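The values are calculated or read from the model by the stated rules, or taken from the named source; none is laboratory data. In this text the structure is predicted, and so the values were computed from the model without any measurement. Cβ placement follows ideal geometry from the backbone for every residue including glycine, while neighbour counts extend to all protein chains displayed. Ligands, DNA and RNA are stripped out before the accessible areas are found, and what is left, the full protein with its side chains, is counted by its heavy atoms. Shrake-Rupley method; radii C 1.70, N 1.55, O 1.52, S 1.80 Å.
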Amino acid sequence: MPSSRSARRQRTWGGIAGIVVLAFALVYHFFPDVLDVTPHAAVPAAVTQVPATSTPMGFEKRPQAGHSAVNDGPPIALAPRNVLEQRAREQAAAALVAVASASTAPSTPASPAVLDLLQRADKALAAGDLAGSDHSAAVLYAQALRARPDSHRAADGLARIHVDLMMAVEQALDDGDSTAAAQQLALLRGIPGAQADADRLAVEVAAASKTRPLLAKAADLLQQGKVLAPKQDNALALYRQVLAIDADNKVARQGIASIQKQVLDKALGAVAHNDYAGADAALAQAASIEPGSQALQNMRGRIEGMRLQRATSVMAQARSALDAGNLTLAEKLKDEALAISADVPGVDAFNQQMHNARLYASYRPGQVFADRFLDMPGEGPAMVVVPTGRFLMGSAPDSPGHEADESPQHEVHLDKGFAVSRSEITVGQFRDFVRASGYVPDSVRLGGASVYNDRGGTMRNDSQATWQDDYAGHRASDSMPVVNVSWNDAMAYARWLSKRTGKHYQLPSEAQYAYAMRAGTTTLYWWGDGVPKNKVENVTGSGDHSRLGRRWTHAFKGYGDGYWGPAPIQSFAPNPFGLYDMDGNVSEWVRDCWHASYLRAPDDGSAWVNPGCENRVLRGGSWGSAPEQVRSAYRQGALATTRSGRVGFRVVREL
């Protein structure tokens, strides 16, 4: 919609064109010989092209062949006011000159009386005395024109006064001065040929007379601070009443824009003080004032940018709190950031970190880490973070190889994160423990262990065998899994590891071990239900043989792993959780006491312990286990003091 001033300029231009037509008509009526025609002759084609009204502002009518353009040049609505006035006068004068130049008949000189009238009229015009008195320019020019109807100077003077008075009315309306507009309108009505323009402007002046008191009252209410309240008696309500009368009223529109700016400034101030609810309320109020304003859109963008910047800063604080292990503060800061801006980036990733932090102490499932010692050089064993979950522990009665102590099959929930050592504890790691702590293992304190005798093909007691020896009683390398250790030795190592690292290490519960060994599978073995197709574990295979050529009488047919006895750790494939030798190499101690069934067994993954129990649980197959003893459900019990070349251990760390 064009502005009030543009619309008025368009109407003014239409009035100017009408003046030109009127001047032409006067000359044509009184002096038809000027155009070389009689009053009853046909009008020349060029004259008929002069329009009775102007073309709409902002558009130019291109001349047709043989026709001249009426309003050549750029749209007059785009010109400044002084240019507009000058052009209007020049075009009115040019039209009269063009009419006069078309005449070939001689013109008699003006009389002294006419010249005197013209001179007095010019002086009055220059002095600004346009109309309203006997000595005004309009009265004098009119007298001159009656005395000499062909006076270009008089006609031009009246045209200029017509334009000036219309401009004066328009300016008074733009300034909101309806009284001045009415005065100028009264003067305009006295100009010959100005009646149509006066009638048109009268409508606007009448509207201004209604809006002026409303605008004055609105200004007074603004000073009193009654901008938006009380209802129906505030500045905004009055400005809207004005627009209902005059939709293009510039003062009312500026007033509404000013009120909206106050509210937008309030929103900006609220954001600066971290009052985001107040900022939202102020923006909503500003939108109700003028919904589609550019100022509202700009402020929304600015505030959103400020909120996003602040929210991003708070999220950074939340991440710092999370890294420091303060989950409560981290969650609080994240919620605060989202309250500031719902578009803050990185929330999904942060939520995942929070989830991992609650379950895995900021680690992620499958991650491998090692805790450094606090008071001495070195670090603990490599640990693998096991994902939380649930599984069926034990075996169904109809499952192949099922034994009574594997019943009843029951679901176990492991909702707390934990990490399992990636492989069995090695001889080298256990040696570091013995040296640093001074601990005396049971194989030394009680004397001996059960080791393999290749000549007889059986396990035998060797009073000289210790934790430093291998499955056959020979000195073991540091990379081999430590064997010939008791449950007591394994627990002592876990306690020492906790002290050295400041973390909570212990033997796994039977449920933790069974869950980690299955690694999400439900088959007999973690690799499937039958003979391994690849070298997945160090277990009995028909392709294996001892140094003396012995072979297994009951083994996986067609399978051979190349070892008779334990292999160095991580010599085979890991299971789906990334853990090595969980179901082969050596059987391993767990924390639970031995129970002949799972009746009343915990279902939360905790160890089932009775005070003073002597028998503990062994889990996982070994290098000498028959196929049914390698099943994921298989379990056996042994005295806590047992030392064997087929038994070792690994540790878990609570997260």
Practice item. Any chance you could list the semi-axes, whole Å, largest first, of the equivalent ellipsoid that the Cα gyration tensor gives for segment 392-462, using √(5λ)? Key: 34, 24, 11
Revision key, fill the gap. By accessible area (1.4 Å), largest first, 204, 379 order as 379, 204
**Study point:** Cα-derived Rg to Rh of segment 349-455, Kirkwood definition
**Key:** 1.11
Review point. Per-residue accessible area for residue 167 at 1.4 Å probe radius, Å² rounded to 10?
Key: 10
Practice item. Kindly provide the pair-distance distribution of segment 303-386 built from C-alpha pairs, with 10 Å bins from 0 and whole-percent values in order of increasing distance. Key: 18, 37, 25, 14, 5, 0
Point to revise | Area accessible to solvent at residue 329, 1.4 Å probe radius, in Å² | key: 70
Study note, to complete from the structure: Length gained, residue 135-residue 368, 0.36 nm per residue minus C-alpha separation, equals 73.3 nm
Point to revise | Shape category assigned to segment 164-247 from the gyration tensor of Cα positions, a/c cut at 1.5 | key: prolate
Revision key, fill the gap. Heavy-atom accessible area per residue of segment 212-278, all protein chains kept, 1.4 Å probe, expressed in Å², is 54
Check your understanding: To the nearest 0.05, what FRET efficiency results for residue 171 and residue 243 with a Förster distance of 22 Å applied to their C-beta separation?
Key -> 0.60
**Study point:** Where labels lie 7 Å past Cα in the beta-carbon direction, separation of residue 475 and residue 445 in nm
**Key:** 2.6
Practice item. State, to one decimal in nm, how far the label point of residue 399 lies from the label point of residue 521, with both points 7 Å from Cα in the Cβ direction. Key: 1.3
Exercise for review: Kindly report, to the nearest 10 Å², the accessible surface of residue 312 as traced by a 1.4 Å probe over protein heavy atoms only.
Suggested key: 60
Review point. How large is the accessible surface per residue of segment 541-645, computed with a 1.4 Å probe and reported in Å² as a whole number?
Key: 41
Revision key, fill the gap. Expressed in nanometres to one decimal, the distance between label points 7 Å along Cα→Cβ at residue 312 and residue 355 is 2.6
Review point. For segment 562-655, what's the radius of gyration and Dmax over Cα atoms, in angstrom?
Key: 14.0, 42
Practice item. Could you please report the charge total around residue 622, scoring K, R as +1 and D, E as -1 over all other residues with beta-carbon less than 15 angstrom from its beta-carbon? Key: -3
Study note, to complete from the structure: Put 245, 161 in order of accessible area, largest first, probe 1.4 Å, and you get 245, 161
**Study point:** Under 14 Å, Cβ to Cβ, from residue 124 - net charge with Lys/Arg +1 and Asp/Glu -1
**Key:** -1
Study note, to complete from the structure: Taking N as the number of residues in segment 277-435, the ratio of its alpha carbon radius of gyration to 2.2 N^0.38 Å works out to 1.73
Practice item. Determine the per residue accessible area of segment 342-419 with all protein chains present and a 1.4 angstrom probe, expressed in square angstrom. Key: 52
Check your understanding: Could you give the length gained on full extension between residue 195 and residue 610, defined as 0.36 nm per residue of separation minus the Cα-Cα distance, in nm?
Key -> 138.0 nm
